[in-house]
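Trainee: Got a structure for you, questions after.
Bear in mind these aren't lab numbers, they're just calculated from the coordinates by the rules spelled out. All figures in this text were calculated on a predicted structure; none of them were measured in a lab. Please note: Cβ atoms are built from the backbone with ideal geometry, for glycine as well, and neighbour counts cover all protein chains shown.
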């Protein structure tokens, strides 16, 4: 008999050697409410190599998650990532990225943009992570929802 791991003990893990990991998230102060996005990129040693927080106005939470994903891909492009491990905590967006479509037709156009950006990587994986393991991206999206904007490229 297998026991399920409690969500509270979910942890973030660095990617495999030679890979980068992108965690993304969107925060909304209501659904349609003031929204912020956040994304963070770590290397295989667990070092944060880039991050972004940005307010994006009033949009839906699903739209915010997709926007955070696209902005994360653009960060990874600037870092010249070849192999990318992608993690998000909203299952509908993770599943949409895996399947190549989303039930909401309005979001499919933007999802297509995200899928086009995926083609720029030699290899990538897409995984769901619980919010408890996506803390840094969650911190960043909340900064964005509070009106704070910054890109960061630590050395």
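Trainee: Please report 63, 105 as a ranked list, fewest other C-beta atoms within 10 angstrom at the top and most at the bottom.
Mentor: Going from sparsest to densest Cβ surroundings: 105, 63.
Trainee: Could you order peptides 137-147, 116-126 by the average number of other Cβ atoms within 10 Å of their residues, highest first?
Mentor: Top of the packing list down: 137-147, 116-126.
Trainee: Further question: Treat the count of other C-beta atoms within 10 Å as a stand-in for reagent exposure and order 148, 86 from fewest to most.
Mentor: Ordered from fewest to most neighbouring Cβ atoms within 10 Å, 148, 86 come out as 148, 86.
Trainee: Going by the alpha-carbon gyration tensor, a ≥ b ≥ c the square roots of its eigenvalues, is the stretch 29-155 rounded (a/c under 1.5) or, if a/c is not under 1.5, prolate (a/b greater than b/c) versus oblate?
Mentor: Taking the square roots of the gyration eigenvalues as a ≥ b ≥ c, the stretch 29-155 is oblate.
Trainee: Of 14, 103, 55, which is the most mobile in a GNM of the chain whose springs link Cα atoms less than 10 angstrom apart?
Mentor: Sorting by GNM fluctuation, first place goes to 103.
Trainee: What's the extension gain from residue 125 to residue 44 if we count 0.36 nm per residue and subtract their Cα-Cα distance?
Mentor: Taking residue 125 through residue 44 to full extension adds about 27.7 nm, to one decimal.
Trainee: Out of all DSSP beta bridges with both ends in the chain, state the antiparallel percent to the nearest 5.
Mentor: Given both bridge residues lie in the chain, the antiparallel proportion sits at roughly 70 percent.
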